[in-house]
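The values are calculated or read from the model by the stated rules, or taken from the named source; none is laboratory data. If you're wondering where the values come from, they're calculated on a predicted model, not measured in any experiment. Here Cβ is always computed from backbone atoms with ideal geometry, including for glycine, and neighbour counts include all displayed protein chains.
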Amino acid sequence: MTAQRVGIGIIGGGLMGREIAAAIQRWPALVDHPVRPRLTAVCDINPAALAWFDQIDSVTQTTTDYAELLANPEVDVVYVAVRHDLHEQIYTDVIRAGKDLLAEKPFGIDSAAAAAILRALDEHPESFVRCSSEMPFFPGAQRAIDYVRSGAAGQIIEVRSAFLHSSDLDEHKPINWKRQAKYCGEAGVMNDLGMHAWHVPLRLGWVPDSLTAALQNLVPQRPGPTGEPEVCDTWENATVWGWVEDGTGRFPITVETKRIAPGNKNTWVFEVVGKTGGVRFATSNPKRVEILSVGEVPGVGREQGWTAIEVGSQSVWPTVTGGIFETGFSDAILQMWAVYLAERAGELGDRFGAATPLEAARTHQLYDAALAAGESRTWAPVTR
């Protein structure tokens, strides 16, 4: 099989830009992938950030002006990792330039920005766009998703999905743009982490018709550039409860996004419990998936219990890595890019794919309802 060659450009050479660059260099780990990406161009407004990319021989363009990157004919796909307030302008410029896009969450700073990006897509339907959410590509996460889709849980009783950080636990940590609404958006932590927590529920069709929320600003001031305290006006923690209807009935869903969750560094959690079974997985123990069995036990009678099983390295797209080995965050990013480029090439089939623009826009409707519910301390309807 001759792999399709695709030129990649990165706008935003910070942490995630470097992660994506590193993932592309690991591409030969994928088995029989139909695409061969080549990192060609990088843009960052800080020239010092571009120096890191000098070690990648395929990069032939570094620039502080993303318009120059978009004009580069060797760039087919653009990955953008910038502040949320910059999403709308840059994403729509990428789309209108005729490039394909893997966008960082939250797909615009708010629902109006997300709608503007969707309008640009309507005007340029040839542009292939997805939103970044790598956590569901852990092998254990895929095993849990497959379990739910099999129907083994029976009628669902409850669901929990969470993304838990401890990055803001230190109260003396200087303020950054994620604690400022003008840059991060009024939804705060939900904008920052919410796509990770909502990706799987939305893909499974679990959209609450109404919800309520507990929103916390646990550190209302942090040191500014001069050392003087500055106001933090975004939410640091958000817990959302909603009701979901599916083919078997009505069940509650809990979705948590937290920047102050002691005991968790960067943990994605997914749990489903039903009348006949259940499943739970957390990236904090990446090899373990727990399955709940309910039924007759010979010599004992009807019983229930959790069984822990270990999964190996294999996720959505096969790799050369031995199946018994462990997986990690960088592997999940590689898998996300593998499915993005495979779907772009029409070769994904029925494999689990990256978050769609409509799913990304849907999260903003959920955040809007959560903000309204948190303010009123009541339940709020979710706009459909």
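Here are a few things to note about the model shown:
- The set of residues in the stretch 161-185 that are touching a residue at least 60 places away in the same chain (Cβ under 8 Å) and either not in a loop (DSSP other than H, G, I, E, B) or not assigned by TED's automatic domain parsing to the domain that holds residue 253 (or both) comprises 161, 162, 163, 164, 165, 177, 178, 182, 183, 184.
- Selection from the stretch 242-260 of residues that are surrounded by fewer than 21 Cβ atoms within 10 Å (Cβ to Cβ) and in a loop (DSSP other than H, G, I, E, B): 247, 248, 260
- Residue check, residue 354 buried (at least 23 other Cβ atoms within 10 Å of the Cβ) and either in contact with a His (Cβ under 8 Å, 6 or more places away or on another chain) or under 22 Å from residue 214 (Cα atoms) (or both): no
Yes or no, residue by residue, for (1) charged (D, E, K, R); (2) within 17 Å of residue 138 (Cα to Cα); (3) in contact (Cβ under 8 Å) with a residue 60 or more places away in the chain:
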{"position": "295", "(1), (2), (3)": "no, no, no"}
{"position": "301", "(1), (2), (3)": "no, no, no"}
{"position": "333", "(1), (2), (3)": "no, yes, yes"}
{"position": "367", "(1), (2), (3)": "no, no, yes"}
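- Entry remark, the stretch 335-365: residues being in a helix (DSSP H, G or I) and either free of Cβ contacts under 8 Å to residues at least 40 places away in the same chain or not assigned by TED's automatic domain parsing to the domain that holds residue 188 (or both) number 10 in total.
- Positions within the stretch 36-52 being assigned to a strand (DSSP E or B) and touching a Leu at 6+ places or on another chain (Cβ under 8 Å), in sequence order: 37, 41, 42, 43
- Of everything listed in (1) within 24 Å of the chain's Cα centre (by Cα); (2) in contact (Cβ under 8 Å) with a residue 12 or more places away in the chain, the single unmet condition for residue 64 is (1).
- Subset tally (residues that are surrounded by fewer than 20 Cβ atoms within 10 Å (Cβ to Cβ) and closer than 19 Å to residue 250 by Cα) for the stretch 268-298: 4
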